[in-house]
Structures are given as structure tokens and as C-alpha cells.
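A short write-up of the structure that comes next.
The values are calculated or read from the model by the stated rules, or taken from the named source; none is laboratory data. What you see is a predicted model, and the numbers here were worked out from it, not measured in a lab. When we count neighbours, we look across all protein chains shown, and the Cβ atoms used for this are built from the backbone with ideal geometry, even at glycine.
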Amino acid sequence: MLRVLLALMPGIAAYVWFFGAAILVQIALTSVTALAAEVLILSMRGKPVMQYLTDGSALVTAWLIALTFPSIAPWWLTVLGTLLAIVIAKHLYGGLGQNPFNPAMVAFALMIVAYPSLMSQWPAVGAGDFAQHMNAIFGPRQLDAITMATPLDALRTALHTADARATVAGVLGSGASFGNIGGRGWEWIAVAYLAGGLWLMQQRIITWHLPVAFLATLFAVAGLFSLFDPTQFAPPLFHVLTGGAMLGAFFIVTDPVSGATTPKGKLIFAGGVALLTWIIRSFGAYPDGIAFAVLLMNIAAPLIDRYTQPPVFGRKQQERGKP
Amino acid sequence: MISRLFTFKGGVKPDSHKDESAGAPIRKAPLPSRLTIPLRQSTRAMARSVVEPGQRVLKGEVIAAPEGPMCIAVHATSSGTVRAIEAQPVPHPSGLPAPSIIIEPDGEDRWLELKAFDYRSATPQQTRDFLRDCGIVGLGGAGFPSHIKLGPGEKGIETLILNGAECEPWITCDDRLMREHPDGILSGALIMRHITGARRILVGIEDNKPQAIEAMRAAVGRTSEAEIEVVAVPTRYPAGGEKQLIRVLTGIEIPYGKLGTHFGVQCFNVGSAYAVFRAVEHGEPLVSRVLTLSGNMAHPGNFDVLIGTPIRELLPLAEPRADTDRYLMGGPMMGVALQSLDMPVVKGTNCILAGSPVLFPPPPPEMPCIRCGACAQACPAELQPFELYWFSRARIFGKAQEYDLFDCIECGCCSYVCPSRIPLVDYFRFAKGEIWAREKEKAAADTARERYEFRLAREEREKAEKAAKLAAKTAAGREKAAAALAVAQKPAATPEEDAKKALIAAALERARAQKEHVQPENVGNLTPEQQAEVAAIEGRRAEIRDMAKPHLPQED
């Protein structure tokens, strides 16, 4: 788990570079909350606290919550989200290794349903200083100068609510949210996550199946529809480099506890998450769909595993085992 | 020449620790003060003792005869006196004592007169019987009788594989044997090729044993025989697992429940080949084996040890260090902890490993499984160990079987890589044990039910028989009384009385007829065939009674 935290570092560094140090405050908030909740629940459950606390799983959840929530979200929002993740999504289901749903994604989904506007107030690149960000987090909030819709949100709003003549090319070319390919700033953070994720693969912490299947499916389905109607569907690279796609590919769908585990199952699982993500992004009411997509596929994971058990040694019934 | 090597999935690369003992030439272990030779060879085979306490035996003399096809003869491993035949603790995971013959050596170590066996003019069956009578089993650990493995398969054996991989860390006995007796090993292999009619011989040796490979290749060069190849296989545990080595050398995967012979391939440990050579060329039964003493020892080494030597008497040869806290029989991956040092060396004992808290630190506390899948990547049987773990832990044994629990070869790779330090193999052994116990219980329950039903039926029948007898007796008595009365009253008989008498007689007749009907149905009126069958069964019963007699408690 320590190496997973390490692999998140490049992404966090890029985040700080583009959006300021507020994210570090959020990470500190979620980490302290997660560890405190973990200690409390572990001692209530009569488990050896230090042994479990040092496994780092609570910290991974905490950091993912900080990185998926807006970095200028009010402090109580991230704290509440973290508590929900640790206490309900993790420990009420039996603790480490037993949770059917990805705890960080449970927190995100619950919060975006409960507080949709607070979860949509993201900082603009270079807007506002650290003090203003701290005000946003700890109050009094004055957001106008520092927030901006995320690229996915801006695109969705433009395409679905503005006049019918809006096209993807027009929107992407206009807004201040957009960078060269994806979101301004976000595309580079995505590249940094990619670097950390590749290192995880090289370290054999994760296998290639999940990230590759996720990114390839997202790219393929987005590419297909963008070919079909480029005015209404965003191009594939935009999808891959915006929102939570890259973080999701290497750090969220790769959660082994709540996901599929067989090689074939991993491909199906991650492909399913990517497909649902694209559908929610393109047709749904929420700007990004990774959290819901992951939770939906979590439900299917045991079934996927059940039907994708690889054949065991000597039972491959084709030419290999036969004399 | 084999064109290419195959690979098996999974496997791990633990520190090999071969250097500690690989340089030590094989030394003969001194004669112990007593020899404990177990009679049980497997769950299905136990030899029958043919000696009596007090009897003097020579080295190599048969002390127990094979019973059943899976059994081999058992020999005195040194000359001396039989002291007792009793249950003794033997090295087996169960730790249960097993009947053993205890011999006190006389110090002379005098062989029985030995005679080489001319296998070239014998039939394969005769050679196999000879090997059985020489007590030859696989020396790789499992101890499977060699005469069975050399038996004719469905299609015959095409490839004979010699297993010199020795993939377990620390163990070097096969390495030394190959370095020191390559010609003997090869001769043994050629004898086995002669028996099986195999075309080629492949010797698989892990590439971390260059001297052994060199020695075996030189021995192959010295023979005039063709189609023998010494192959260096990549060092990766468990490359020396029988199925893994067959896979690497031939590409054939042998599933659980199938034997090599089904696929035209058979695999023998190099030590077994050497034992075959000693038996056939020198007439020597298998009375000793080479094993490694290593681990936390001052002078690790390889020793030629008599079967039955108590491990306690062996240890001083390698001088265990003071902080040794436990001993393993076998390597660190698959070995089992020795519960008592009084246990004897058996034919499958390839290593005694001394452990200390420094050398083998106690595992850190177990954490929950997070389904990371590291075990599945390491599993050479290509199982999903974490799924088996969930099912075993939850005691859902049916599911565990569905997920191929019994394909697990207990190599320990999964436990080795588990980041949560879960002793997975322990869970699997537990689950297997539970399943076996349940099956046994079920079988016992079935037998008990059958017996109970049979008893009920028998009691019912006996009751009916008794009732019939009683009825017959009463009817006969009444008849007699009636007859006496009739005789006494005859002169005064009137026609009416006659009619009455006739009525009574008719009633009695009916009663008798009825009673005859109640006779047990399945013993009378047998056809000649049925009678012959009954006689044959009775004969067999008598035979069994005779056979059982010597084992029954003596009555005086």
C-alpha cells in the first residue's frame, strides 16, 4: 500500500503545480480523519490496532477521496465523505478485504448525490491564492473568483442545455477550462498519474489487465461515437485525459478487494467500468461517471469472477495436455 | 535432442541456500544404537511382519512381506536382533504412531548373501517383482512404489524422465549423488528403460547445479546408449515437482488424478534410479539413502543414512547450533515440523533442516486477504488460491472442491508470496483433511446403516423362525394328544364322534400346512448353482478366518 501512495506522488505534485497547495490540506484532512476513524472502529471491533493501521489501506482510501473531491470543498464535506468511506463502506461490511464496494467511490457517490453543487465547485487554474482557497475550505466562502466548471461539466452543460447549435469543437475551442487535449491543467495531472501507474505496473503491484482494458475501452467507445458524430461526442483522447479517467484506470478500478480478480474477469470488469463511465459522461446528469460506474461493476464482480475461472494445470482440454 | 523447453506458470525464486551443504561429499553415517523401521508405507499399504522379537537378522534380510499390490518388502537395514514390533512415532504430518520393527544392531553390519539380478534375461514383470522385493520406492519424498510406476501403462512409456532438479532450498543430496555416482544413476535409468521399453531418457537438472549437470553429461558420454539427454532446466521453484518437470521437458500437463503413464511419460528421482542400480547390479535391497543435514548447523553436509536411524542420533554429525528451536523434515517450502527427534529416517527423508528464530523468523501476524491475486500468479497448478482460502476458511468445502482444491500440490508458493502472510497451504491441508474425514465418516455411516438394516432383517427372520418352531411344537403336541385320545376312546366311537375327529384332524392338518409355509424362505429349495455359491462363500469365510487367526489375540 505504501508503494501505491508513492505512485500517487507525481499526480499530487502536478495537482499542486496547477491548482495550488489546497489539495495538500485536503489530503491532510482526509488522512487524519481516516486514521482516527480506523483507530476508533478497530478498537471497537477488538482488532489489533497498530497491525491494521500500518497496512496503509485507510490512507489509500483517504488520499483517493482527497483527489476525487474538489480541492476547495468545505472541510466538513471531505471529512464526512471520509467517515462514510471508512466507517460504513469499509468496516460495517467487515473491514479490510471484506468490502464489496470501493470505499472512496462510495464516499464520492454519496456526496455528489447529497451535495451536488458543493461537489461541482472546482478551482480554476491559477485562480486565487492559498488564503482564498483556505477560506473556501474553512470559511467564510467566497467562491466566485476562484471556481470554474470542470471540462467535462462545461462540455456537458454546453451540449445539453445551451443552444442546439453547440458543437464539441466549438465548446472545446472556447472555454477557459480546456487545454490542448483535455482540461487545462488536468491533462498534465493525468499524465503524471499515468507515470505513477506505469511504475506500479513495473513494480508488479498491479497487472496490466485493468488499466489497459479501462483505457482501451474508453478510447474505443469514445472514438467510435466521435467518428459517428464529432459535433456531439467528444474525441477519445479528451475522454482519456479528463476527469478521473487516468486516476481511475490505475488507482481506482485496480482495487483488488471490490473488483474482479481473474485475468479475463479483470478485462471484463474494467471494460464495463469504462463503458458505463462513457455512457454517464455522454448522456447522464453527472459530469463524471467513474464513481457510479465502479460501484455498478463492483456489484457484478463476484459473478464475473465466477464465470471467468481460468482452467487449472492439465485441464486445458486442447492439444497442450494431450500426448 | 529435445528442441525446446516449455515453461510452467507461476513459481517463485526463494534463496536457494545450496552452498551451505553442496560442497560436502557424502559421508556414511555411523551405525545407530537402534533402528526403527515402520511397516506402514502409505494409507493403502502396510507390510506384514515375518520376524519375531528376539530373532537375529542380517542386513538386507526381509523382515516384513508386501501385502497387496501397492506394498513393498521391508528389510533389516543392519544386522542385529529384533527387539520389538510395536507402534512408534513416525515422520508423518498426522504424527500418529505406526507399527514398526525395532532392531538393535550388533555392530557388524553384516550383509545377507547378495546376488545380482540378470534383468536382461528376465521378463519385465519378474524385474518389477524383484524391485518390489528389494523395497524400491521413489526417493523424492512421496515414496511411491517404483515397481508400480514401472508397470505397463495403457499405451506404454515413451519418455523416461530422471528428476535431478532438486528445487527445494537447502537440499543437496541429489546434487551430491549426481556428482559422485553419475554412472550408477545412469545404469539404473537404463534398467528402467529396459523394463518400460521407453524410447528416450531425459535427465532434468536445475541450472544452479553445474557440477551435477557436468557429471551426468560425462556419464552419458561414457555409455554407448543412445537417446539420453541431460537437460539444464531454469531454476525456479517448484521445477522439481514431478508434474512441473514433465511439463518443462515435454510440454505435457498431467492433471490431478492422472498418472504419467496415461501420457506415455514417467518420472523418477535420481536417487530412485541409483537404488534400482544397486538392487539389480549388486542385489542390495534399499536399506539406506542420502540425505542433507542443513540449516542452523555448524557443519551442514550430506550423509548416507540407514533407514530407521533415529534423527536424534544423526544430528551430532552436522552439529546443530545452540539456538536451534525446531527441526523440519524436508525443505523450508514443503517440509513438515518434526514433533519428536526419536522419529526415524524413512525412505522419503531427503533433508533434516534445523531452524532458529534468526534463520526462519516467526511469520508476522496474518492479515486479511485483500484478493490481490499474487498467489494466483505464483501458483504452478494455476489455481486461484485466494478463492480456495475463502472457501476453506468459511468451511464451504464443496465450493473449495469445485474450485479444484485437490489439484493443489501444496508447494507453498502461494504462502511464500502472500503480502498478508496468510499460511494458505495450511488452510488447504486443513480443508483436504476435513473433506477426507467427511468422506470417511459418510462411508462409515453407510456401512453402519447397511449393517443395521441387515440386523433388523435378520432379527425379523429369526423371530419368524422361532414362532414357526413354537407353532410346530404345539401343533405336534396337540396332534399326539388327540391321537392318544382317539385310541383310548375308539370302542365307544360313534359316527358323530368320528365326524368330529375327522374335523379336528382336518384342522390340525391345516395348522401343519400353515406352519410349513412360515418356514424361512431363503434357505430351502435352493438350486444347485445357489448351493454351490453358498459353499464357495463358506469356503472363503473359512479362509479369511484362517488368515485372521495369527492376528487374533492368543487364547490360552
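Helices (runs of 4 or more DSSP H) fully within segment B:392-503 that include at least 3 residues being surrounded by 11 or more Cβ atoms within 10 Å (Cβ to Cβ) and either in the same structural domain as residue B:254 (by TED's automatic domain parsing) or free of Cβ contacts under 8 Å to residues at least 60 places away in the same chain (or both): B:397-402, B:424-489.
Evaluate the following for residue B:266: is it part of a strand (DSSP E or B), of a type outside the set (Val, Ile, Thr) and within 14 Å of another protein chain (Cβ to nearest Cβ)? Answer is yes for this residue. If the condition is being more than 11 Å from chain A (Cβ to nearest Cβ), among the small types (Gly, Ala, Ser), in contact with a Leu (Cβ under 8 Å, 6 or more places away or on another chain) and over 24 Å from residue B:439 (Cα atoms), then segment B:374-417 contributes only B:415. Checked against the criteria, residue A:7 counts as under 30 Å from residue A:149 (Cα atoms) and assigned to a helix (DSSP H, G or I).
Just the residues that are surrounded by fewer than 22 Cβ atoms within 10 Å (Cβ to Cβ) and touching a Leu at 6+ places or on another chain (Cβ under 7 Å), please, taken from segment B:273-289. Passing the criteria: B:282, B:283, B:284.
The condition of being in the same structural domain as residue A:293 (by TED's automatic domain parsing) and either under 30 Å from residue A:59 (Cα atoms) or surrounded by fewer than 24 Cβ atoms within 10 Å (Cβ to Cβ) (or both) holds for only one of A:216, A:234, that being A:216. Taken together, the residues in segment A:27-55 that are more than 14 Å from chain B (Cβ to nearest Cβ) and hydroxyl-bearing (Ser, Thr, Tyr) amount to 4. Looking at (1) surrounded by fewer than 24 Cβ atoms within 10 Å (Cβ to Cβ); (2) away from chain B (no Cβ under 14 Å), which is the one condition that is false for residue A:257? The failed condition is (2).
Of the residues making up segment B:141-164, those that are under 19 Å from residue B:190 (Cα atoms) and part of a loop (DSSP other than H, G, I, E, B) are B:150, B:151, B:152, B:153, B:156, B:157, B:158, B:164.
Of the listed requirements (1) in contact with a Gly (Cβ under 6 Å, 6 or more places away or on another chain); (2) within 14 Å of chain A (Cβ to nearest Cβ), residue B:286 misses just one: (2). Taking the criterion of being closer than 29 Å to residue A:71 by Cβ and in contact with a Phe, Trp or Tyr (Cβ under 8 Å, 6 or more places away or on another chain), the residues of segment A:218-232 that qualify are A:218, A:222.
Counting residues in segment A:101-113 that are farther than 30 Å from residue A:74 by Cβ and more than 14 Å from chain B (Cβ to nearest Cβ) gives zero.
Listed by position, the helices (runs of 4 or more DSSP H) inside segment A:51-168 whose residues that are over 26 Å from residue A:284 (Cα atoms) and of a type in the set (A, V, I, L, M, F, W, C) number at least 1 are A:57-68, A:75-83, A:130-138. Could you go through segment A:188-208 and let me know if any residue there is in a helix (DSSP H, G or I), in contact with a Ser or Thr (Cβ under 7 Å, 6 or more places away or on another chain) and not assigned by TED's automatic domain parsing to the domain that holds residue A:96. For segment A:188-208, residues in a helix (DSSP H, G or I), in contact with a Ser or Thr (Cβ under 7 Å, 6 or more places away or on another chain) and not assigned by TED's automatic domain parsing to the domain that holds residue A:96: absent. When B:251, B:271 are screened for being within 14 Å of another protein chain (Cβ to nearest Cβ), among the small types (Gly, Ala, Ser) and in contact (Cβ under 8 Å) with a residue 60 or more places away in the chain, only B:251 passes. Checked against (1) modelled with pLDDT under 95; (2) within 14 Å of another protein chain (Cβ to nearest Cβ), residue A:20 passes all but a single condition, namely (2). Checked across segment B:217-228, the condition of being in contact with a helix residue (DSSP H, G or I) (Cβ under 6 Å, 6 or more places away or on another chain) and of a type in the set (A, V, I, L, M, F, W, C) holds for at least one residue. When the residues of segment B:85-112 are filtered to those that are aliphatic (A, V, I, L, M) and outside any loop (DSSP other than H, G, I, E, B), the one that is nearest to the chain's Cα centre (by Cα) is B:98.
Taken residue by residue, segment B:350-364 has no member that is at the interface with chain A (Cβ under 8 Å from one of its Cβ atoms) and either part of a loop (DSSP other than H, G, I, E, B) or of a type in the set (Asp, Glu) (or both). With the condition kept exactly as written, say whether any residue in segment A:291-313 is touching a residue at least 12 places away in the same chain (Cβ under 8 Å), among the polar types (S, T, N, Q) and away from chain B (no Cβ under 13 Å). Within segment A:291-313 (the criterion being touching a residue at least 12 places away in the same chain (Cβ under 8 Å), among the polar types (S, T, N, Q) and away from chain B (no Cβ under 13 Å)), the answer is no, since none of the residues qualifies. Here residue B:328 meets each of (1) outside any loop (DSSP other than H, G, I, E, B); (2) crowded, with 21+ Cβ neighbours inside 10 Å with one exception, condition (2). Just checking, how many residues over segment A:243-268 are closer than 27 Å to residue A:120 by Cβ and touching an Asp or Glu at 6+ places or on another chain (Cβ under 7 Å)? Qualifying residue count for the region: 2.
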